[in-house]
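Structure first, then comments.
The values are calculated or read from the model by the stated rules, or taken from the named source; none is laboratory data. Here the structure is a predicted model, which means the values were calculated and not measured. Don't worry about glycine lacking a Cβ; one is built from the backbone with ideal geometry, like all the others, and counts go over all protein chains shown.
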Ligand SMILES: [Fe+2]
Ligand SMILES: [Fe+2]
């Protein structure tokens, strides 16, 4: 195996390379700048390359230039940054370092050689396990609609063992699902190579249903399934052209339902199964934010579509409901319950998704800004930028109020009085600028006799 080591201080480069070779059965390729490393990566067979270790400040192509090249071209190649700056992961260049590949890491100089060697050993060991991770999870609820999935389905027995429980093109019955759900199984698995096939089959099914003239209740069910399926896809594969098309059909359908002035109480109830926090939380925000926008007479489809798309995508990197809930708790509490990389993920999830959206074709403008702002607060104490209400994008203020309301009602079946109570609390919290307008709209929406 090979390790690529990039460092402009040649004495250090030679010494550490020698130590790594002595400790691990590998060849260290020694390179003195980022640009030379990129050339080496372009010209050599990389099948045996296990990791890249790189300094940051180098005269001919920095570590940041090299990281950016690797992120774009070899995103699964582990990258260990060695730097004198303890704040490196807070800089723009390395913002995605720890999230883009879980095997990336940062070693602050001066570092102990043993620690670096342990890191490389971890990388090699985790790669040996990779074939076992060649299964991607799919929520059991997706199989309610995908009755004859085109691929085998597996159950996870342990990190090493997956058991096939159904063959491709076999019917998935309600009894079959119930058997596993009763045992507390939340997810089934498909092989990584089948995942795209399954997603395409499933998304086509959702798209077909949404384009038919179904009852509102049925449409809402399929929208929820669509949200879930898209979120699974983006988590497993990423945001690409295949999913943008489905996303636009699903969000258009939710906008259409909103325009028919549905009974919001009933709608919210219908979406809350407490089965999949992320998708239910997201679709509820899309409905509440849509209702507020219509109340403000922002009736253009583009506005409604922006809010629905932002709702669908905003928390995709917080798939773990515990993390999603913690993201609304005060920042002082994060460190008490979460590991540093989880805290980092919470802090950065608005930035990561906004960045991805900016690079993706076919998504409405402003969706990235709404997502970037979605944890800011009216008083300027939010994150990641501590913007105050003057600087927060108006649609984002409506989104933030909607999300706060959804958090309050999630998992409860609030009565009219309880909703009034919640709105009163929000009035105190959001008493400035667009936030104030958003709460007023919320109050009007829920005082509409049709909705109570
Ligand atoms: Fe959220
Ligand atoms: Fe969030």
Hits in the range 297-330 (condition: within 14 Å of ligand 1 (Cβ to nearest atom) and either part of a loop (DSSP other than H, G, I, E, B) or over 24 Å from residue 235 (Cα atoms) (or both)):
314, 315, 316, 317, 318, 319, 320, 327, 328, 329
Does the range 417-439 contain at least one residue that is farther than 27 Å from residue 274 by Cβ and either touching a residue at least 60 places away in the same chain (Cβ under 8 Å) or in contact with a strand residue (DSSP E or B) (Cβ under 9 Å, 6 or more places away or on another chain) (or both)?
yes
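Listed residues 236, 248, 276, 260; which is in contact with a helix residue (DSSP H, G or I) (Cβ under 9 Å, 6 or more places away or on another chain) and loosely packed, with under 15 Cβ neighbours inside 10 Å?
Details: 236 fails: loosely packed, with under 15 Cβ neighbours inside 10 Å; 248 fails: loosely packed, with under 15 Cβ neighbours inside 10 Å; 276 fails: loosely packed, with under 15 Cβ neighbours inside 10 Å.
Result of the check over 236, 248, 276, 260: 260.
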Residue 285, sole failed condition from (1) away from ligand 2 (no atom under 15 Å from the Cβ); (2) more than 22 Å from residue 71 (Cβ to Cβ):
(1)
All but one of (1) part of a helix (DSSP H, G or I); (2) within 16 Å of ligand 2 (Cβ to nearest atom); (3) in contact (Cβ under 8 Å) with a residue 12 or more places away in the chain; (4) more than 18 Å from residue 401 (Cα to Cα) hold for residue 333; state the number of the condition that does not hold.
(3)
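Listed here are the residues, each with its yes/no results for (1) in the same structural domain as residue 21 (by TED's automatic domain parsing); (2) within 29 Å of the chain's Cα centre (by Cα); (3) loosely packed, with under 14 Cβ neighbours inside 10 Å.
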position	(1), (2), (3)
44	yes, no, yes
59	yes, no, yes
71	yes, yes, no
80	yes, yes, no
84	yes, no, yes
96	yes, yes, no
106	yes, yes, no
111	yes, no, no
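Taking residue 433, is it modelled with pLDDT under 90 and in the same structural domain as residue 279 (by TED's automatic domain parsing)? Break it down into steps so the answer makes sense when it comes.
Working: modelled with pLDDT under 90: no; in the same structural domain as residue 279 (by TED's automatic domain parsing): yes.
So residue 433 fails the test.
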In the list 116, 98, 136, which residue meets the criterion of being part of a helix (DSSP H, G or I) and at pLDDT 85 or above?
116
Can you pull out the residues in the range 336-347 that are more than 11 Å from ligand 2 (Cβ to nearest atom) and touching a residue at least 40 places away in the same chain (Cβ under 8 Å)?
341, 344
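Residue check: is residue 281 within 16 Å of ligand 1 (Cβ to nearest atom), surrounded by fewer than 21 Cβ atoms within 10 Å (Cβ to Cβ) and touching a residue at least 60 places away in the same chain (Cβ under 8 Å)? Before the answer, list the steps.
Numbers: within 16 Å of ligand 1 (Cβ to nearest atom): yes; surrounded by fewer than 21 Cβ atoms within 10 Å (Cβ to Cβ): no; touching a residue at least 60 places away in the same chain (Cβ under 8 Å): yes.
Spelling it out, it is not the case that residue 281 is within 16 Å of ligand 1 (Cβ to nearest atom), surrounded by fewer than 21 Cβ atoms within 10 Å (Cβ to Cβ) and touching a residue at least 60 places away in the same chain (Cβ under 8 Å).
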Is it the case, given these coordinates, that residue 351 is closer than 20 Å to residue 96 by Cβ and either assigned by TED's automatic domain parsing to the domain that holds residue 251 or not in a helix (DSSP H, G or I) (or both)?
yes
Scanning for something buried (at least 19 other Cβ atoms within 10 Å of the Cβ), touching a residue at least 60 places away in the same chain (Cβ under 8 Å), assigned to a helix (DSSP H, G or I) and touching a helix residue (DSSP H, G or I) at 6+ places or on another chain (Cβ under 9 Å), does the range 179-197 turn up at least one residue?
no
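What residue, of 88, 37, is at pLDDT 90 or above, at negative phi and in the same structural domain as residue 104 (by TED's automatic domain parsing)? So that I can check it myself, show each step before the final result.
On the way: 88 fails: at pLDDT 90 or above.
None of the others qualify; the one that does is 37.
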Would you point out the residue of the range 367-384, among those that are under 10 Å from residue 350 (Cβ atoms) and touching a residue at least 40 places away in the same chain (Cβ under 8 Å), that is surrounded by the fewest Cβ atoms within 10 Å (Cβ to Cβ)?
383
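In the set 165, 115, which member is surrounded by fewer than 15 Cβ atoms within 10 Å (Cβ to Cβ) and touching a strand residue (DSSP E or B) at 6+ places or on another chain (Cβ under 9 Å)? Please lay out each step first, then the result.
On the way: 165 fails: surrounded by fewer than 15 Cβ atoms within 10 Å (Cβ to Cβ).
Of 165, 115, the one residue that is surrounded by fewer than 15 Cβ atoms within 10 Å (Cβ to Cβ) and touching a strand residue (DSSP E or B) at 6+ places or on another chain (Cβ under 9 Å) is 115.
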Got a sec? Which of 364, 376 is modelled with pLDDT of 95 or more, in a loop (DSSP other than H, G, I, E, B) and assigned by TED's automatic domain parsing to the domain that holds residue 261?
376
Please go through the range 331-367 and give me each residue that is closer than 22 Å to residue 187 by Cβ and within 13 Å of ligand 1 (Cβ to nearest atom), ordered by number.
349
State all residues of the range 394-452 that are loosely packed, with under 13 Cβ neighbours inside 10 Å and part of a loop (DSSP other than H, G, I, E, B); if no residue qualifies, say none.
411, 412, 413, 415
Qualifying positions in the range 305-319 - more than 12 Å from ligand 2 (Cβ to nearest atom) and either surrounded by fewer than 24 Cβ atoms within 10 Å (Cβ to Cβ) or farther than 20 Å from residue 436 by Cα (or both):
305, 306, 308, 309, 312
Considering only residues of the range 248-268 that are within 16 Å of residue 304 (Cα to Cα) and not in a helix (DSSP H, G or I), which is modelled with the highest pLDDT?
260
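Can you say whether residue 202 is in a helix (DSSP H, G or I), buried (at least 17 other Cβ atoms within 10 Å of the Cβ) and in contact (Cβ under 8 Å) with a residue 12 or more places away in the chain, as far as the supplied structure shows? Walk me through it before giving the result.
Numbers: in a helix (DSSP H, G or I): yes; buried (at least 17 other Cβ atoms within 10 Å of the Cβ): yes; in contact (Cβ under 8 Å) with a residue 12 or more places away in the chain: yes.
In short, yes.
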